[in-house]
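Right, one structure below, let's go through it.
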Amino acid sequence: VFCSVGTHPHHADKETDGTSGQLVILTEHPKVVAIGEAGLDYFYDYAPRIAQEKGLRRHIEAARHTRLPLVIHSRDADDDMARILEEETQGKGAFPFVLHCFTGGADLAACAIALGGYISFSGIAAFKKSTELRNIAADAPRDRILVETDAPYLAPPPNRGKRNEPSFVKHTAQILAEHLDVEFDAFAMKTTENFYRLFSKVPRHDG
């Protein structure tokens, strides 16, 4: 079991005195393989947006320093997320990141790809009405796509409505592979390679 360290945007106003240096220290633990998740959530708006942005930039700084990937949460905040990613990357230097549990639009996906980021698709991409998400996956470079569970939530068909678990990621991958018109085994292998490339601190396991 491995983990990431960070403050979710829902709680961004609870840790305003935190520093990127504190995050960096936490990443020294061998089991910590990423920063986050951090980001912007304008759907719930549980924390002031200025606090969310400040928190996100603090996590970006830690990711840039450690070269560990930043797991980014972005919900109903495409424009501000794209702006911050561009400002941080072009102004201060690149950093590894993934837009986790992606539900944004094509413009944000294209921005992330252009800046060197990855896009991760959860069970939402397997829902019947999620054609737009599947089209975004089809347009993305194959070496920038990840598949995830976001367990215990968002179980894909045929388990929708149930408690999600890691084994269900197969169902999301199957539906995406079909939409992308690629063989499932090839898609599974490619997304696995992508994972190990981005989360390079995770020991390789091919079991």
Quick one: D76 ticks every box in (1) open to solvent by 60 Å² or more (accessible area, probe 1.4 Å); (2) closer than 24 Å to V202 by Cα; (3) within 18 Å of the chain's Cα centre (by Cα); (4) not basic (K, R) bar one, so which box is it?
(2)
Filter the range 136-161 for residues that are small (G, A, S) and part of a loop (DSSP other than H, G, I, E, B) and give the result.
A140, A151, A155, G161
Does any residue in the range 78-94 that is more than 18 Å from A62 (Cβ to Cβ) come within less than 7 Å, Cβ to Cβ, of a residue that is exposed (fewer than 13 other Cβ atoms within 10 Å of the Cβ) six or more places away or on a different chain, and which pairs are these?
D78/D107; A82/D107
Long-range neighbours under 6 Å by Cβ, at least six apart or interchain, first residue closer than 19 Å to Q90 by Cα and at pLDDT 95 or above within the range 109-134, second surrounded by 15 or more Cβ atoms within 10 Å (Cβ to Cβ) and of a type in the set (K, R)
I113/R144; Y118/R144
Going by the structure shown, is F95 closer than 22 Å to I175 by Cβ, of a type in the set (F, W, Y) and open to solvent by less than 20 Å² (accessible area, probe 1.4 Å)?
no
Could you tell me which numbered condition G161 fails, if it satisfies all but one of (1) surrounded by 12 or more Cβ atoms within 10 Å (Cβ to Cβ); (2) modelled with pLDDT under 95; (3) more than 15 Å from L99 (Cβ to Cβ)?
(1)
Tell me, which residue of the range 31-73 that is touching a Phe, Trp or Tyr at 6+ places or on another chain (Cβ under 9 Å) and open to solvent by 80 Å² or more (accessible area, probe 1.4 Å) is farthest from F121 (Cα to Cα)?
H65
When (1) among the charged types (D, E, K, R); (2) open to solvent by 80 Å² or more (accessible area, probe 1.4 Å); (3) within 27 Å of A63 (Cα to Cα) are applied to E193, the one that fails is (2)
Among S200, S167, which is under 20 Å from C3 (Cα atoms), part of a helix (DSSP H, G or I) and small (G, A, S)?
S167
Hey, can you tell me all the residues within the range 11-30 that are open to solvent by 40 Å² or more (accessible area, probe 1.4 Å) and either in contact with a Pro (Cβ under 9 Å, 6 or more places away or on another chain) or at pLDDT 95 or above (or both)?
H11, D13, Q22, I25, L26, E28, H29, P30
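The values are calculated or read from the model by the stated rules, or taken from the named source; none is laboratory data. Everything numeric in this text was worked out from a predicted model, so none of it was measured. Neighbour counts run over all protein chains shown; Cβ positions are idealised from the backbone, glycine included. Areas reflect the complete protein model, heavy atoms only, side chains present, ligands, DNA and RNA absent. Shrake-Rupley method; radii C 1.70, N 1.55, O 1.52, S 1.80 Å.
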